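Presented below is the structure to which this report refers.
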Amino acid sequence: MKPRLGKTLYPREVELKFHLGPGSRAALEASPTLATVRPRQHHLVTTYFDTPDNLLDRAGLTLWVRRSGATCTQTVKSRASGHGVATNRSEWEWQIGQDEPDVRRLAKTPALAIPTAVIKDKLEPVFVTDIRRTTWLIHLEDNTVVETAIDEGSIEAGSAREPVSELELELKAGRIGPMYRLAAELQALVPLWISPESKATRGWRLRTGQAEGGQLAQTPKLERLVQAAVGFHEILGGTLGHLMANIGATLRGDPEGLHQMRIAIRESRAVLQLFERHLDAAATGLFNTGLRRFGEIFGAARDWDVFCLETLPAAMADLPGERLEDLNLVAEVERQFAHGVVADCVRGHAFTAMVLGLATWTETGATQPSTLGDERMGKRLGTLAPLLLERAADKAKQRGRHAARLSVPKRHGLRKSLKKLWFDVESLAGLYHPNAVKIYRSRCEALEEILGVANDAVVTRRLALSLVSAIRPDLAKPMRALTRWSQRRGYKALKGLKPALKDFRAAPAFWH
């Protein structure tokens with residue numbers, strides 16, 4: 001494939017990767033999609049190269065030489081774009097005559113900003129993959145061609161070794177929507193869960209013992225003249241890419257990875273709600289319900305992370321002698337259990353099915369005028385954006401009325417509306433002058449911070465109470481000490497709620 005990237009035409013690799021569970025291979029091969037296509041067998045031994053100081057990896061590039069029979073292929077890939085469910089990266093490859101890299105070919109790689117003289121004679125093997133690959137070339141609607149591959153083998157870095165068992169779908173020609181639909185059909189037949197980490201990423205983890213942590217979202221850069229449907233596609237694609245980028249870290253138990261996945265789920269809901277009047281109501285309702293359910297699972301684990309890793313350490317520093325360490329020991333068990341529930345969720349059928357369903361809908365009909373009841377998604381986003389932002393801001397302002405009398409649930413509702421509004425502002429900020437957005441953004445942030453501290457106090461009390469049981473009545477005393485400490489922080493923060501709400505309501509609506 002050669003889609004346009006900026007103003008330059010680069011070859012691209014677009015693929016979906018899934019973990020293949022025990023027994024899944026036979027079921028896949030017997031499926032109607034694959035059983036009618038003749039497979040091809042390959043034995044691929046791939047050696048990855050870099051300099052001793054990992055110069056290529058630090059530049060976001062991967063270099064390897066792959067031997068398949070008597071053929072050697074040299075490949076350079078860029079880091080994935082982080083947009084959408086499928087990974088999307090630049091790719092250059094050449095047939096060469098040896099198992100070592102041909103450095104002269106690297107000079108023809110547009111993305112390689114490093115002079116080849118710098119890496120000449122410095123490249124060395126860093127890890128190897130040994131894969132038995134079976135491929136099927138699948139022809140789908142709209143002249144879409146997808147290479148479906150089952151990879152089984154291993155990744156080896158020195159004495160470290162990790163097995164590989166995965167399904168890959170690579171878009172060879174056509175549109176990505178039919179490939180998502182194919183993935184959903186296969187996932188309905190066998191246990192598959194999205195595993196977007198590349199073999200290169202896994203190889204570096206084996207070699208260094210270091211894993212990537214949580215990945216922050218990348219805000220799409222939208223132009224005012226962009227069509228509203230394209231803007232929706234870009235914004236939602238960004239949230240889904242953010243979700244995918246943090247699966248690996250979350251499954252390794254990384255708190256920041258889980259936090260970022262939770263944010264991505266919330267922001268995916270925010271996109272649907274921002275555009276909901278211009279999308280199919282049944283579809284948006286279905287996906288919003290699924291995202292909310294998974295958000296609750298991730299939110300429960302995030303609450304325990306904050307409790308154990310932030311709240312309790314801060315309280316222990318302020319309250320020595322209150323035996324808060326005893327609470328921490330019991331709370332850590334709950335935290336690990338909650339992370340296990342999240343891992344089961346990510347590896348579960350329902351999560352992958354929802355992600356693939358949302359990706360398929362986004363690519364194949366979410367913004368088609370025939371399903372909308374209006375034609376505004378075909379207009380410029382700059383024309384529609386003021387209406388979208390006005391509705392989101394009005395909702396937050398309505399929930400912020402009578403600040404002094406807001407109950408705990410109403411404060412929580414206001415906080416959720418503010419988080420969505422914050423995301424809406426960030427997503428559409430590129431359509432407006434930065435200075436016009438700055439004041440509004442800062443006042444949203446100040447108000448959300450106050451509500452966040454107050455919410456932490458409520459959550460701390462709930463979680464601390466849950467730790468006291470018939471077999472651990474001794475935890476009642478440290479629980480009360482922690483609760484009092486947290487409530488004082490919450491009360492102190494809420495003193496600034498009324499003026500912060502006043503400033504927020506008075507902030508100039510930059511979209512007018």
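The values are calculated or read from the model by the stated rules, or taken from the named source; none is laboratory data. Since we're looking at a predicted model, the values are computed, not measured. Reconstructed Cβ throughout: ideal geometry from the backbone, glycine too, with neighbour counts over all protein chains shown.
Things worth noting here:
- Only one of the listed residues (99, 142) is in a loop (DSSP other than H, G, I, E, B), at positive phi and of a type outside the set (S, T, N, Q). That residue is 142.
- Residues that are crowded, with 18+ Cβ neighbours inside 10 Å, polar (S, T, N, Q) and at pLDDT 95 or above do not occur anywhere in the range 487-494.
- If you check 318, 305 for being modelled with pLDDT of 95 or more, acidic (Asp, Glu) and more than 18 Å from residue 250 (Cα to Cα), only one passes: 318.
- In the range 196-215, the residues that are closer than 15 Å to residue 251 by Cα reach residues that are modelled with pLDDT of 95 or more and in a loop (DSSP other than H, G, I, E, B) with C-beta atoms within less than 7 angstrom, at least six apart or across chains, in these pairs: 211/252; 213/254; 214/246; 214/254; 215/246.
- Check on residue 57, among the acidic types (Asp, Glu) and in a loop (DSSP other than H, G, I, E, B): no
- Selected residue (only one of 409, 386 is assigned by TED's automatic domain parsing to the domain that holds residue 491, at pLDDT below 95 and not polar (S, T, N, Q)): 409
- Counting the residues of the range 30-66 that are touching a Pro at 6+ places or on another chain (Cβ under 8 Å) and touching a residue at least 40 places away in the same chain (Cβ under 8 Å) gives 4.
- Qualifying residue in the range 86-97 (condition: of a type in the set (Ser, Thr, Tyr) and more than 28 Å from the chain's Cα centre (by Cα)): no
- Residue in the range 180-193 that is outside the structural domain of residue 20 (by TED's automatic domain parsing) and over 16 Å from residue 84 (Cβ atoms) present: no
- Hey, residue 302 among the charged types (D, E, K, R), part of a helix (DSSP H, G or I), touching a Lys or Arg at 6+ places or on another chain (Cβ under 7 Å) and crowded, with 20+ Cβ neighbours inside 10 Å or not: yes
- Of all the residues in the range 60-85, those that are surrounded by 15 or more Cβ atoms within 10 Å (Cβ to Cβ) and within 26 Å of the chain's Cα centre (by Cα) number 13.
- Any hit, the range 83-94, residues being touching a Gly at 6+ places or on another chain (Cβ under 7 Å) and not in a loop (DSSP other than H, G, I, E, B): no
- Condition met for residue 126 (touching a residue at least 24 places away in the same chain (Cβ under 8 Å), part of a strand (DSSP E or B) and of a type in the set (A, V, I, L, M)): yes
- The set of residues from the range 80-135 being within 30 Å of residue 182 (Cα to Cα), at pLDDT below 90 and among the small types (Gly, Ala, Ser) comprises 80, 81, 82.
- All positions within the range 122-170 that are touching a helix residue (DSSP H, G or I) at 6+ places or on another chain (Cβ under 9 Å), more than 19 Å from residue 202 (Cα to Cα) and of a type in the set (A, V, I, L, M): 123, 138, 140, 146
- Cβ-Cβ under 7 Å pairs, at least 6 apart or on other chains, the range 252-268 side crowded, with 19+ Cβ neighbours inside 10 Å, far side basic (Lys, Arg) and part of a helix (DSSP H, G or I): 258/302; 259/302; 262/302; 266/419
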